[in-house]
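*Asks:* Let me begin by handing over the structure; questions about it come next.
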Amino acid sequence: MSEVGSPVAPGSVKVEIWSDVVCPWCYIGKRRFERGLAAFEHRDEVEVVWRSFELDPRAPRDSEEDQVERLARKYGMTREAALAAQARVTGLAAGEGLTYRLDVARPTNTFDAHRLLHLAAERGVQAAAEERLFAAYFTEGRRLGDPETLVSLAGDVGLDEAAARDVLGGDAYADAVAGDEREAAELGISAVPFFVIDRRYGISGAQPAELIHSALEQAWSEAD
């Protein structure tokens, strides 16, 4: 756990999570964070905010390239090595109760998905929307670059589909997504998931639940 700045306010804990909904480690990190939070005595007094981060801002909305091809190309590895890496992350996900179907997941641009998450935050259902998008991508192989798919997923968490369609048809929340990404750069965040606690401590990666719990305990003690 590293220091990233100064606390925003005493007496409570705020956790900001920079994440991308097509990041396999982010979904694993989400589950580990949830377990760490569940073990925290003051969990009901923790505010959790999801922040936008795009692994590949230049990715197309739709692609037929499978994840093995993408991984091999990105890291210059063989297809066999990429398959082994996928098997490892799928196994780790299973250990957290997640079912990864990386064989049906397709790379996509997530800018619109992040805009939708800002709408969800405004309507009080950001956590549910984050979970729904993760599951849709990693388990169901849904195309998150497709606006109508996003509208349907928005409806699944209780968002008004017409409102979601209006957002996706324009540029609403584009500045909010860009602002999150700019802030990530200012904080030195270059990989996700990244957890920022009270703007004082940063935790990089899908760390064990025990470490998350310990960080929350420390932050609470210092805030109190």
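The values are calculated or read from the model by the stated rules, or taken from the named source; none is laboratory data. Values in this document were obtained by computation on a predicted structure and should not be read as measured data. Backbone-built Cβ (ideal geometry, glycine too); neighbour counts: all protein chains shown.
*Asks:* Anything in the stretch 166-190 that is in a helix (DSSP H, G or I) and surrounded by 13 or more Cβ atoms within 10 Å (Cβ to Cβ)? List them, or say none.
*Replies:* Matches in the stretch 166-190: Asp166, Val167, Leu168, Ala174, Ala176, Val177, Ala178, Gly179, Asp180, Glu181, Glu183, Ala184.
*Asks:* Right, another one. Evaluate the following for Ala135: is it without any contact (Cβ under 8 Å) to a residue 12 or more places away in the chain and farther than 15 Å from Trp18 by Cβ?
*Replies:* So Ala135 fits the description; yes.
*Asks:* I've got another one for you. For the stretch 96-118, enumerate the residues that are in contact with a helix residue (DSSP H, G or I) (Cβ under 7 Å, 6 or more places away or on another chain), within 28 Å of Ala178 (Cα to Cα) and modelled with pLDDT of 95 or more.
*Replies:* Within the stretch 96-118, Phe111, Asp112, Ala113, His114, Arg115, Leu116, Leu117, His118 meet the criteria.
*Asks:* For the subset of the stretch 1-45 comprising residues that are touching a Lys or Arg at 6+ places or on another chain (Cβ under 8 Å) and polar (S, T, N, Q), which member is modelled with the lowest pLDDT?
*Replies:* Ser6
*Asks:* Something else about it: Where the second residue is modelled with pLDDT of 95 or more and not hydrophobic (A, V, I, L, M, F, W, C) and the first is on the phi > 0 side of the Ramachandran plot and in a loop (DSSP other than H, G, I, E, B) and lies in the stretch 191-211, which pairs have Cβ atoms under 6 Å and are six or more apart or on separate chains?
*Replies:* Asp198/Lys14
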